[in-house]
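The values are calculated or read from the model by the stated rules, or taken from the named source; none is laboratory data. Note that the structure is a prediction, hence the values are computed from the model and not measured. All Cβ positions, glycine included, derive from the backbone under ideal geometry; neighbour counts span all protein chains shown.
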Amino acid sequence: MANIELTNMCMIYDRHTHKVLVQERVKSWEGLAFPGGHLEDGESIVDSTIREIKEETGLTVSELELCGIIYWYNEETHDKYFVFSYRTYVFTGELLQETEEGKLYWVDRDELSDLPLSRGLKERLPMFLDKKFSEGFGIVSRDGRREVNGNNADGLREGELCNIFIVRRELKGLRCLVSFETEAITSIFRLTCMKTGW
């Protein structure tokens with residue numbers, strides 16, 4: 001039977017300093033990322049996010065805004081992995097310096113994309129920062145790899161696999177196609193665009 005894994009992540013933004021809170025992850029998904037974790041049985045998604053943020057940072061967050069949902073589907077195992085992505089600028093409490101997940105610190109919002117982020121987070125930043133995307137869908141597969149380059153990227157059909165990073169926007173600006181190689185596994189990541197900002 002296929003597994004379904006439900007997780008959350010929250011970008012905490014300080015409007016006074018224009019900084020965001022990052023966690024230098026060491027246990028899994030190494031690199032800088034926003035704090036988050038897994039849902040527990042009988043727990044709502046928002047409640048799980050608030051709990052995880054409290055456990056991992058010491059901060060109590062509220063007024064969470066859903067930025068989007070990331071959905072990875074594994075073609076071989078049929079496993080499904082969801083990340084419910086939130087952001088907020090409302091928080092209280094004293095920030096922990098470090099937990100078993102890693103060190104915590106504030107970084108300038110505008111410098112995020114230049115930092116050593118966890119794999120795949122850079123592609124998600126527009127979802128958190130600008131609400132340009134509301135959905136990400138990824139297919140993970142070990143076969144069906146197809147090489148393309150920037151010149152023939154427009155010929156890539158939705159659902160096809162490739163092993164280089166591509167960004168393509170259709171004329172109406174309603175859909176983006178992003179794909180990238182994740183180690184030995186080829187992945188395709190489709191993002192649905194939104195026109196709202198924050």
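Things to note:
- Considering (1) touching a Lys or Arg at 6+ places or on another chain (Cβ under 9 Å); (2) charged (D, E, K, R); (3) at negative phi; (4) modelled with pLDDT of 75 or more, the lone condition that ASP79 does not fulfil carries the number (1).
- Residue selection: GLU76 fails the criterion of being loosely packed, with under 14 Cβ neighbours inside 10 Å, acidic (Asp, Glu), in contact (Cβ under 8 Å) with a residue 40 or more places away in the chain and under 18 Å from GLY136 (Cα atoms).
- Residue within the range 71-85 that is within 12 Å of CYS10 (Cβ to Cβ) and touching a Gly at 6+ places or on another chain (Cβ under 8 Å) present: yes
- Just so you know, in the range 4-39 the residues that are part of a strand (DSSP E or B) and among the small types (Gly, Ala, Ser) include one that is farthest from VAL107 (Cα to Cα), and it is GLY37.
- Scan the range 1-22 for residues that are within 21 Å of GLU63 (Cα to Cα) and touching a strand residue (DSSP E or B) at 6+ places or on another chain (Cβ under 6 Å) and the total you get is 12.
- Qualifying residue in the range 40-49 (condition: in a strand (DSSP E or B) and either over 15 Å from the mean Cα position of the chain (by Cα) or surrounded by 15 or more Cβ atoms within 10 Å (Cβ to Cβ) (or both)): no
- Taking (1) within 20 Å of TRP29 (Cα to Cα); (2) surrounded by fewer than 19 Cβ atoms within 10 Å (Cβ to Cβ); (3) touching a residue at least 12 places away in the same chain (Cβ under 8 Å) in turn, GLU101 satisfies each apart from (2).
- Unique match (being modelled with pLDDT of 95 or more and either part of a helix (DSSP H, G or I) or within 18 Å of MET11 (Cβ to Cβ) (or both)) among LEU95, LEU125: LEU95
- Residue check, GLU52 among the acidic types (Asp, Glu) and either surrounded by fewer than 15 Cβ atoms within 10 Å (Cβ to Cβ) or modelled with pLDDT under 95 (or both): no
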